[in-house]
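**Q** Before I ask anything, here is the structure I am working with.
All of the numbers you see were taken from the coordinates with simple rules; none came from a lab. In this text the structure is predicted, and so the values were computed from the model without any measurement. Cβ coordinates were reconstructed from backbone atoms using ideal geometry, including for glycine residues, and neighbour counts include every protein chain displayed.
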Amino acid sequence: MSEWYHQFVDLKYKPSPTDLLCLFKVQPASGFTIKDAAGRVASESSVGTWTEVTTMRPRIRKLMAKACRIDGSLLTVAYPIRLFELGNMPQIISSIAGNIFGMKAIRNLRLEDIRWPKKLAESFRGPAFGTRGIRRILRVEKRPLTATVLKPKLGLTAKEHARAGYDAWVGGIDLLKDDENLSSQTFNRFRERLKECFKMRDRAEKETGERKSYLINVTAEAREMLQRAKAVAEAGGEYVMADILTVGWSGLQTLREECQDLKLAIHAHRAFHAAFTRNSLHGMSMLAVSDVARLIGVDQLHIGTVVGKLESPLEEVIALRDNLQRKRTNSNASPLGQDWGRIRPVFPTCSGGLHPGLVPKLIRIVGTDIIVQAGGGVWGHPDGGRAGAIALRQAIEAAMSGESLKSCARDHRELRRALETWGLATFK
Ligand code: CAP
Ligand code: MG
């Protein structure tokens with residue numbers, strides 16, 4: 001059996017620029033060598049199975065993936081591009097991240113990184129707006145954008161939701177955002193929420209003279225999701241939000257097509273990612289997930305905060321930022337490197353336990369070309385959501401001007417109250 005699998009191992013093979021490359025971290029099960037595991041990964045994710053078959057043809061041998069590099073527990077596999085259907089992401093992921101995770105001969109397997117050949121990468125739309133396009137929509141040139149997720153996550157009525165949204169917008173928030181689990185429950189129906197919130201959005205724009213928008217969650221059954229996107233466009237919205245991993249790559253591709261026609265940007269929430277990205281030995285890295293999201297074409301994606309409540313190691317957050325924003329990613333951000341060609345950059349969103357006291361640290365780590373999202377950090381402010389929004393904006397202005405929060409807080413009450421409440425401490 002291993003002899004057959006070993007035919008998929010060729011450490012002399014030099015990958016061609018048209019090959020798709022995958023970097024895996026492999027831990028063979030006991031009794032198996034890394035070469036055994038490598039052959040199985042390359043075989044079962046391309047054309048092979050556990051035995052030779054009489055239906056094999058010489059021309060099909062050219063489609064065999066090759067385990068072409070083994071470096072300790074790191075395995076690089078090269079896949080001929082003809083294994084894949086251009087523009088079909090579910091098919092590609094079913095190949096390179098399909099059955100192989102369940103093989104007995106492998107104790108742990110993690111897909112760390114992917115290098116996409118130009119022809120395959122450019123068979124996807126990429127972001128419609130990207131960082132620059134989003135900044136143009138909101139007419140914000142340099143500073144980080146601000147967003148707030150209304151809390152509590154669920155339970156508010158559509159009117160209460162819109163009323164609170166108004167407070168956040170006039171307080172200085174650019175983007176109101178639905179929570180990942182808010183859709184169209186009985187207490188807050190999607191179409192009523194849409195209507196009420198855009199009434200308040202328009203009012204807040206008039207009063208502040210600033211552009212404001214709403215990341216409304218359209219996550220639902222695929223056809224209904226498209227209907228909800230249409231309703232957003234008819235209401236004069238600029239965005240939809242989707243839980244890209246629970247919607248699935250097929251649903252996301254379909255939504256991207258619809259949003260192309262509707263001229264809507266996509267805010268991507270990654271709820272569910274930690275179920276398979278967090279284990280550093282098994283699963284798929286968030287880096288690889290970010291590749292797929294950028295290719296399909298979301299305009300904004302969560303990358304973590306380093307300083308906040310959710311697990312997000314510094315190296316990962318920086319690698320994600322660079323992988324989403326750069327035209328060409330080098331080995332720091334992505335071990336295999338990637339030339340993104342005409343695929344636009346995605347706006348990184350930092351979210352999860354953020355509050356004004358953490359803003360300067362966050363900006364020192366990830367820079368200013370980000371979206372700062374604070375839910376509890378706005379709605380937990382002792383003087384209410386509008387004061388919370390003002391405090392967040394004050395913290396960002398202070399960080400942009402290089403003024404310390406303490407000195408800024410002296411004559412900015414909202415920020416002072418936020419610092420009194422949460423201080424400057426990062427989450428343990
Ligand atoms: C943040 C949040 C976001 C997470 C997602 C939450 O709320 O709304 O869903 O940030 O995680 O439900 O936790 P708070 P990530 O601002 O109140 O913490 O950004 O890592 O994908
Ligand atoms: Mg949330």
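**Q** Which entries in the list Lys14/Lys62; Lys153/Lys263; Lys153/Lys177; Lys327/Lys361; Lys153/Lys230 go over 22 Å, if you measure between the two C-alpha atoms of each?
**A** Listed pairs above 22 Å: Lys153/Lys263; Lys327/Lys361; Lys153/Lys230.
**Q** All other residues with a Cβ under 13 Å from the Cβ of Met103 taken together, and with Lys, Arg as +1 and Asp, Glu as -1, what is their net charge? Present the calculation step by step, with values, prior to reporting the outcome.
**A** Numbers: positive: Arg40, Lys104, Arg107; negative: Asp36, Glu44.
My count for the surroundings of Met103 gives +1.
**Q** Using the Karplus curve 6.51 cos²θ - 1.76 cosθ + 1.60 with θ = phi - 60°, what ³J(HN,Hα) values do you get for each residue of the stretch 367-384, in whole Hz, with x for Gly and Pro?
**A** Coupling constants for the stretch 367-384: x, 9, 8, 9, 10, 9, 10, 10, x, x, x, 10, 7, x, 4, x, 9, x Hz.
**Q** Using the crude model of +1 on Lys and Arg Cβ and -1 on Asp and Glu Cβ, and no other charge, please compute the dipole size for the stretch 186-318 relative to its Cα centre, in debye to 20.
**A** Charge dipole, the stretch 186-318, about its Cα centre: 400 debye, nearest 20.
**Q** Still on this model: Just to compare against my own numbers: the Cα pair-distance distribution for the stretch 1-140, 10 Å bins, whole % per bin, please.
**A** For the stretch 1-140, the binned pair fractions read 12, 40, 29, 11, 6, 2, 0 percent.
**Q** Let me check I've understood the local charge: for Ala65, count other residues with C-beta under 13 angstrom from its C-beta, Lys and Arg +1, Asp and Glu -1. What total comes out?
**A** +3
**Q** Please rank Asp339, Asp178, fewest neighbouring Cβ atoms within 10 Å first, as an exposure proxy.
**A** Fewest-to-most ranking of Asp339, Asp178: Asp339, Asp178.
**Q** Here is a further query. I'd like the antiparallel share, as a percent to the nearest 5, of DSSP beta bridges with both residues in the chain.
**A** The answer is about 45 percent antiparallel.
**Q** If Lys and Arg each add +1 and Asp and Glu each add -1, what is the summed charge of the other residues whose beta carbon sits under 10 Å from the beta carbon of Ala42?
**A** 0
**Q** Springs between alpha-carbon atoms under 10 Å, Gaussian network over the chain: tell me which of Ile93, Ile371, Ile244 tops the mean-square fluctuations.
**A** Ile93
**Q** Of Ala399, Thr219, Gly237, whose Cα points farthest to the positive end of the dipole of the chain (charges on the beta-carbon: +1 Lys, Arg; -1 Asp, Glu; origin at the Cα centre)?
**A** Toward the positive end, the furthest listed residue is Ala399.
**Q** Treat every Asp and Glu Cβ in the chain as -1 and every Lys and Arg Cβ as +1, leave all other atoms uncharged, and give the resulting dipole magnitude about the Cα centre to the nearest 20 debye.
**A** Details: 65 positive and 46 negative charges, 114 e Å.
Using only the charged Cβ atoms, the result is roughly 540 debye.
**Q** Something else now. Near Lys12, which aspartates and glutamates are there with a Cα under 15 Å away, not counting those fewer than 8 places off in the same chain?
**A** Answer for Lys12, where 15 Å is the Cα cut-off: Asp71, listed by chain and number.
**Q** Among Gly251, Ala204, Gly133, whose Cα sits farthest toward the positive end of the charge dipole of the chain (+1 at Cβ of Lys/Arg, -1 at Cβ of Asp/Glu, about the Cα centre)?
**A** The Cα lying farthest towards the positive end belongs to Gly133.
**Q** So between Ala275 and Trp4, what do we pick up on full extension, going 0.36 nm a residue minus the alpha carbon distance?
**A** Gain on extension, Ala275 to Trp4, equals 94.2 nm.
**Q** Based on Cβ point charges of +1 for Lys and Arg and -1 for Asp and Glu, what charge dipole magnitude is obtained for the stretch 25-148 about its Cα centre, in debye rounded to the nearest 20?
**A** Its charge dipole is roughly 560 debye.
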